[in-house]
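All remarks here apply to the structure that follows.
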Amino acid sequence: MEKKQNQLLRVLKIVGNTIFYIFILILLLFSISNISAKKEDDIPSLFNRGFVNVLTSSMDGEIKDYKVNSFKKDALVFVKILNDEDKANLKKGDVVVFWGQLDPTDPSSKGLIIHRVVDVDKDLKRVQTQGDNKNTNGNIYEETSFSGIKAIATSKYEKLGSPIRYMQTSSGFFIFVIIPLMLLVVFEIIVLIR
């Protein structure tokens, strides 16, 4: 009986350590990707893959015919950073990320915009985009040159953007990265002392 308890404790310890180290690895990759975003118009990425938090409801629509369908505010959208060749192959329906003016009445309000391509002009190397939410976007279109496009959406996860956005703040970084790393160091010191 005691032998079975020892085996169970050993298995639980291995499973717990594995989960903990996977968690630390994910936090480390997240931290590295955030540090890689040097300018305000950069997308946090690692190996040309990144993520964008959806800050508005402009993509909250009914479109379901494309690789990436409509999504709501606070979704987390995973993206692929585009090179010039990728930009030349954009097509109608792709969801792209570009740096632009957030509020049409305020030229100083700039940020990352994630909208769907509605037209591609390969000769002028420009795309026309629009959010999927017809209630708020109506006839509002954005014209963006290929050079202004940063990334293309590859997948999305609803409601995950808000916690990730919090983790990008100083307090979130401290709680979810610094404290777990400190716990890891303390745990390893305790193991070494025994």
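Place a +1 charge on the Cβ of each Lys and Arg in segment 1-142 and a -1 charge on the Cβ of each Asp and Glu, then give the dipole magnitude about the Cα centre in debye, rounded to the nearest 20.
On the way: 21 positive and 19 negative charges, 177 e Å.
Roughly 840 debye, rounded to the nearest 20.
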Exercise. How about segment 82-120: which trypsin sites (Lys or Arg not before Pro) there lie in a loop by DSSP and see at most 14 other Cβ atoms within 10 Å?
Worked result: 91, 92
For this session: Please name which of 141, 105, 55 has its Cα lying farthest along the dipole of the chain towards the positive end, using unit charges on Cβ (Lys, Arg +1; Asp, Glu -1) and the Cα centre as origin.
Result: 55
Exercise. Which one of 136, 105, 144 has the biggest mean-square fluctuation once the chain is modelled by GNM with Cα springs under 10 Å?
Worked result: 105
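With every protein chain left in place, what is the accessible area per residue of the chain in square angstrom, probe 1.4 Å?
Working: 12680 Å² over 194 residues.
On a per-residue basis, the chain sits at 65 Å².
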Problem set entry | Share of carbon and sulfur in the accessible heavy-atom surface of segment 1-123 [1.4 Å probe, %] | 58 percent
Exercise. Based on DSSP H runs of at least 4 residues, each adding -39500 (n - 2.57), what is the mean residue ellipticity at 222 nm of the chain after dividing by all its residues, to the nearest 500 deg cm²/dmol?
Worked result: -11000 deg cm²/dmol
Problem set entry | Cα-based helix-to-principal-axis angle, 179-193 vs the chain, degrees rounded to 10 | 20 degrees
Exercise. Who wins for biggest fluctuation among 107, 180, 163 in a Gaussian network model of the chain, springs between alpha carbons below 10 Å?
Worked result: 107
For this session: Over 23 Å between C-alpha atoms is what I'm after, so list which of 64/110; 125/156; 67/92 land there.
Result: 64/110; 125/156
Exercise. In segment 43-129, what chymotrypsin sites (Phe, Trp or Tyr not before Pro) fall in a loop by DSSP, with at most 13 other Cβ atoms inside 10 Å?
Worked result: 47
Exercise. On a 0 to 90 degree scale, rounded to 10, what angle separates helix 2-36 from the longest Cα axis of the chain?
Worked result: 30 degrees
Problem set entry | Choice from 17, 69, 135 showing the highest fluctuation, given a GNM over the chain with Cα pairs closer than 10 Å | 17
Problem set entry | Convex hull of Cα atoms in the chain, direction-averaged projection (nm²) | 15.6 nm²
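The values are calculated or read from the model by the stated rules, or taken from the named source; none is laboratory data. Here the structure is a predicted model, which means the values were calculated and not measured. Here the Cβ is made from the backbone with ideal geometry for all residues, glycine too, and neighbour counts use every protein chain on show. Note: areas computed on protein heavy atoms with side chains; ligands, DNA, RNA excluded. Shrake-Rupley method; radii C 1.70, N 1.55, O 1.52, S 1.80 Å.
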